[in-house]
Amino acid sequence: MRTPGGSLQILFFFLVMTGLLCVRLRARAAARVQDLEYAYIKPNRYYAVFGMESCFQVIVPDYAGLEFEFALLHGPMFSTTGYKTVMASQKRSASSSFSYTPRSKGWYKLVATIHDPYSGSLTIQTGPFHCSNQAAGVELLSARISSIMALMHREGCKSAYEKALFVYDWLIHNADYDESLKVYDPYTLLFSGVGVCQSYALAYQMLLHEAGVECLYVVGYAGGDKHAFNLVNFDGAWAWVDVTWDDPKGGGSENHDHFGLNDILMRRTHDWSQNLFCKPPAATSLSYHYHMQKGAVPYFSREDLAKMLDRELRRKNAGIYFTYLGKEKELHQGREIKQWLDKNCVSYDVEKWVLAGLTTYSGTLQVSYLDLSAHHEYKDEGELARILARETAARANPIRVRYAGGDRRHDISATLHALLKQHCAKWGVANCNISFYPRHAALRVDYRSKP
């Protein structure tokens with residue numbers, strides 16, 4: 001027999017277990033920082049204004065169960081590491097935003113640590129940004145940015161792609177790499193046109209922010225050296241951009257090989273696995289790849305290059321704009337294409353070819369073809385014999401023929417000589433001079449007088 005007290009104990013036990021289950025379910029639903037697809041800090045501007053509030057927001061795909069703490073670091077001089085003074089901080093809480101009104105000139109960097117309920121944490125930070133207590137300095141920077149934005153609007157740039165490309169082109173044509181390795185800040189680059197990779201990447205981020213395009217500053221390695229570059233949000237699809245690498249030292253060879261790359265292509269030369277500034281979103285699309293946007297023919301391997309050249313030359317394409325989208329770091333496009341053409345171009349009636357605008361991952365093959373429209377095509381010896389019989393009967397002179405078959409070993413000279421030796425009397429041929437090439441020939445015939 002169950003007593004009232006026993007029923008209460010069972011009810012209490014049930015409620016406790018239900019509560020524990022709910023806690024566990026909530027805990028399971030909480031995000032783990034190690035599983036976050038991305039994490040970065042988004043400010044309201046990429047330079048600070050003395051006495052004006054700066055606002056920052058940590059962006060993650062899932063905020064459930066996460067807590068955030070912030071530390072705003074300050075240094076009097078621009079530096080990659082020398083930010084020692086904590087100007088402001090925000091204790092660990094559920095708030096993913098931070099704001100601060102700077103009262104000291106100098107350089108700032110915001111560091112954010114993301115915590116999950118499982119003792120996991122992830123630290124990210126902004127790139128360095130400057131605060132001036134001189135109104136004239138702020139006005140000068142604002143005017144410089146506004147002038148660049150005005151140029152962009154005059155060009156009619158509306159989409160994220162158009163804006164990102166305009167700023168990209170403006171930087172590679174108005175700035176040069178600082179070979180003295182002294183200029184690291186973006187402001188000197190904007191005003192004096194010189195800076196290292198950090199200057200390029202920070203300036204690009206600042207200008208795109210003003211244009212309304214989301215852009216991340218990423219630091220990793222490229223070509224074995226520490227390097228700064230960017231990740232751009234093209235209307236929801238992220239893609240990599242490296243302004244510095246497409247603006248070679250000395251200028252004059254600017255290109256777009258590193259505009260709009262996905263993770264696979266960017267990893268050919270870049271590594272961001274140790275990046276401290278953000279956990280970048282995945283870049284999976286090639287929809288905003290510069291060369292693909294411009295109509296380049298893609299290829300992915302040496303074998304694919306051969307297939308692409310065969311296809312385009314059969315189409316008699318006079319300007320083959322191509323881009324390499326394979327994983328291999330260096331394919332040496334020029335060498336591969338030259339070797340293939342030296343071996344095969346005669347099979348496509350190529351008169352002359354030139355490689356133009358060749359970069360690491362793109363270029364244009366300009367081709368001129370022989371005019372063989374007056375040539376009679378044949379695919380085997382029997383068809384050639386019928387053509388010669390018909391043309392000699394009509395006393396045609398010259399007789400032009402072209403081999404259009406698939407036998408790469410076909411010898412047009414030997415075939416013509418054999419047929420003429422066998423049929424010259426029947427065809428009324430007294431003498432014949434042959435100008436021949438690997439795939440076509442012209443016969444100048446002396447006919448016997450008719451009886």
(request) Specify the angular offset, from 0 to 90 degrees and rounded to the nearest 10, of the alpha carbon long axis of helix 333-344 from the longest principal axis of the alpha carbons in the chain. (result) 20
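P(r) tail for the chain, what percent of Cα pairs lie past 38 Å?
When all Cα pairs of the chain are counted, 48 percent exceed 38 Å.
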(request) Sticking with the crude label model, points 7 Å out along Cα→Cβ, report the distance from residue 352 to residue 154 in nm, one decimal please. (result) 4.0
(request) Using +1 at the Cβ of each Lys and Arg and -1 at the Cβ of each Asp and Glu in the chain, identify which of 366, 293, 429 lies farthest towards the dipole's positive end. (result) 429
(message) Set the bar at 22 Å for Cα to Cα. Now go through 163/327; 379/450; 109/182; 109/279; 91/226 and name every pair that lies beyond it.
(response) 163/327; 379/450; 91/226
(message) Which GluC sites (Glu not before Pro) in the stretch 230-318 sit in a loop by DSSP (not H, G, I, E or B) and have at most 16 other Cβ atoms within 10 Å of their own Cβ?
(response) 254
(request) Order these peptides, 222-229, 348-355, 403-410, by their mean beta-carbon neighbour count within 10 angstrom, highest first. (result) 222-229, 348-355, 403-410
(message) 5 Å is the cut-off here: which amide hydrogens, built 1.01 Å from N in the peptide plane, fall below it relative to residue 323, excluding neighbours closer than 5 in sequence?
(response) 297, 299
(request) Between residue 410 and residue 35, take the C-beta separation as r, use R0 = 56 Å, and let me know the FRET efficiency to the nearest 0.05. (result) 0.35
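As a test of the formula, what do you get for the chain when each DSSP H run with n ≥ 4 contributes -39,500 (n - 2.57) and the sum is divided by the residue count, at 222 nm and rounded to the nearest 500 deg cm²/dmol?
Here the helix-only value at 222 nm equals -10000 deg cm²/dmol.
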(request) Describe numerically, in nm with one decimal, the distance between label points set 7 Å from Cα along Cα→Cβ at residue 449 and at residue 268. (result) 7.1
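All of the numbers you see were taken from the coordinates with simple rules; none came from a lab. Nothing here was measured: the structure is a model prediction, and the numbers come from that model. Note that we place each Cβ from the backbone using ideal geometry, even for glycine, and neighbour counts take in every protein chain shown.
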